[in-house]
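Take a look at the structure below.
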Amino acid sequence: MTCDAVRKLIPLYYYGELTPEEEDQAEAHIHECGACAREMESARALAAALDRRTMEPAASLLADCRADLAAAIRGGAAKPARQPWRLWLDAAGATLAGLNRWRQPLGAMALIAVGFFAARLVPAGSGVSTASFGPSEGVFVNVRSAQQDGAGRVRIAYDETRRREVSGRIDNPDIQKMLVAAAHEEDDPGVRVESVDLLKGRAASDEVRDALMNALLHDSNPGVRLKALEGLKPLAAEPPVRGALSQALQFDDNDAVRMQVVDVLTMRRDDAMVGMLQNLVQREDNSYVRLKCEKALKEMNASIGTF
Amino acid sequence: MQDATGTAGARVSPDVDSLVRAAQRGDQVAFEQLVRAYDQSVLRLAMNLLRSPEDARDVYQEAFLRVYRNLHAFRFDCSFHTWLYRIVTNICLDQLRKRKVRKEESAVVETAEGAIDRTEAFEEESAAANPERATWNRQLGQRIDNALEDLTPRERMVFELRHYQGLRLRNIGEVLGTSEEAAKNCLFRATQKMRHLLGDLV
């Protein structure tokens, strides 16, 4: 085997990916050839250097990911159904589903579950008079009362909600209003994430900006809060946005959110933040956030502690 | 249960197999067990490829939601691990390609004082006692990151799966929908480039 041929095999040798014959040949050559042995050594050293660059996700990140996923799934597939996957897909995919009014008394998930329940109540071909009751595709009903009359018939009163779809460009004010409503009102965090994600490039509008600030400060789902933060980044110089960011930095219980917020807030020097930063240096548990606060204070020539 | 590194290749462990079938029937507990068997390695892969906790989180969410939506269509023609990794690697490759286009580095944030690396901030504290070492570590880390960024998304993926995740090339080929030979060539190109860019370090 020539040196050239062996050098081509060295990376595969290191990873144990050679056939036994190739491995024998490479080993025999390396044993005899000092230059190739050094080549092998430097491949090992490079691999060792690369090993040091491994990132292990924080336990809190894994926990957050699991919580996000569980929340999305709990919202979508809590009820037993014939086609749980399809049902969930419908719910997750339909950002605007069920939003035939801007303010919706029930979340899209609940509507779908009720719709399915109604479909089970009235199986096809059951002989039930469906002159005014035919939960066809996309219609969801909520049964309000059920009574039997003297003739043995059952009288059911129900509210009907029809799923509709609207489509339009993101700069359409009506689409934006619906997204703002969905970001505020939807029970399903998946829909809120999608709505906020769609809105985040439109923060120049006051209404959208307020919706993003509201999501950052009040949404229970950290994924939604992070998306809102992305949208607010370009507005980080505006006093109301800075106020919301300061609140989030001090009170958000999610490390990832605070880490992102501290980046955005300390991008620009702001002497009005000194007190808040000093306070955080004393009580913040997350070392990244603490270090960023200390760094910002140093740059403002402020003392690290209040002492 | 099949190990999460996928070294079992196409062999389908009965435990995973039965969890998948139960999850396909709508068993939420089985689905959660399935997620927990693999999610750490999925998150680690995304984190190391994209070097950003928030991007890794997005990948995690999107990957497992795709699994959730499409599990009914999984027909056991490969191992669940391979199927899952196909989904994850596709999402990550899309992200890497987008970044290549935008020339973005998500682990680096632009600040008023220039770019800083989020990952380094974690190292600063422990390294504070030895500033020279900290500086060297930072420079080395940056060089390695830059070298990894210079790989094509596919080379980056093969290198990540082989070097950091320990998958066999045969399995990598299966995950990426290519041959073992093509994966081997890709790994070779990746290591050559790394060698060229980082050779003076070793």
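If each residue's Cβ is checked for other Cβ atoms within 10 Å, how do A:LEU217, A:LEU12 rank with the fewest at the top?
Going from sparsest to densest Cβ surroundings: A:LEU217, A:LEU12.
Explain nothing, just the number: relative contact order of segment A:202-242, from Cα pairs under 8 Å at least 6 residues apart, as a whole percent.
Numbers: 30 pairs, mean separation 14.6, N = 41.
Reported relative contact order: 36 percent.
Quote the FRET efficiency, to the nearest 0.05, computed for A:CYS33 versus A:ALA63 with a Förster distance R0 of 45 Å and r equal to the Cβ-Cβ distance. Provide the component values of the computation, followed by the final result.
Details: r = 52 Å, r/R0 = 1.15.
Between A:CYS33 and A:ALA63 the formula returns 0.30.
Using 20 Å as the Cα-Cα cut-off, could you pick out the over-long pairs in A:LYS200/A:LYS295; A:LYS8/B:LYS184; A:LYS177/A:LYS200; A:LYS177/A:LYS227; A:LYS233/A:LYS292?
Working: A:LYS200/A:LYS295 29 Å; A:LYS8/B:LYS184 11 Å; A:LYS177/A:LYS200 13 Å; A:LYS177/A:LYS227 18 Å; A:LYS233/A:LYS292 17 Å.
Cα-Cα > 20 Å for A:LYS200/A:LYS295; rest within.
At q = 0.22, 0.23 Å⁻¹, work out log10 I(q)/I(0) for segment A:173-265 with the Debye formula, treating every Cα as an identical point scatterer and leaving solvent out; two decimals please.
Per q value, in the given order, log10 I(q)/I(0) is -1.01, -1.10.
log₁₀ I(q)/I(0) of segment A:3-49 at q = 0.22, 0.28 Å⁻¹, via Debye over equal Cα point scatterers, no solvent, to two decimals?
Each listed q maps to, in turn, -0.69, -1.07.
Which ordering of A:SER195, B:SER179, B:SER41 is given by a fewest-first count of other beta-carbon atoms within 10 Å?
On the way: A:SER195 26, B:SER179 13, B:SER41 20.
Final ranking by Cβ density, sparse to dense: B:SER179, B:SER41, A:SER195.
Can you give the mean number of other chain Cβ atoms that lie within 10 Å of the Cβ atoms in peptide A:142-155? Let's see the in-between values first.
Values: counts 0, 0, 0, 0, 0, 0, 0, 0, 0, 0, 0, 0, 0, 0.
Counting Cβ atoms of other protein chains within 10 Å of each residue's Cβ and averaging gives 0.
For a protection proxy built on the mean count of beta-carbon atoms within 10 angstrom, sort A:280-292, A:35-47 highest first, please.
Details: A:280-292: 17.6, A:35-47: 15.6.
With the highest mean Cβ count within 10 Å placed first, the list reads A:280-292, A:35-47.
Between A:SER167 and A:ASP51, what length comes free when the chain is fully extended (0.36 nm per residue of separation minus the Cα-Cα distance, one decimal in nm)? All intermediate terms of the calculation are to be shown ahead of the outcome.
Working: separation 116, 0.36 × 116 = 41.76 nm, distance 4.89 nm.
Full-extension gain reported as 36.9 nm.
Each reported figure results from applying straightforward, stated rules to the coordinates on display, with no laboratory input. All values reported here derive from a predicted model rather than from experimental measurement. Backbone-built Cβ (ideal geometry, glycine too); neighbour counts: all protein chains shown.
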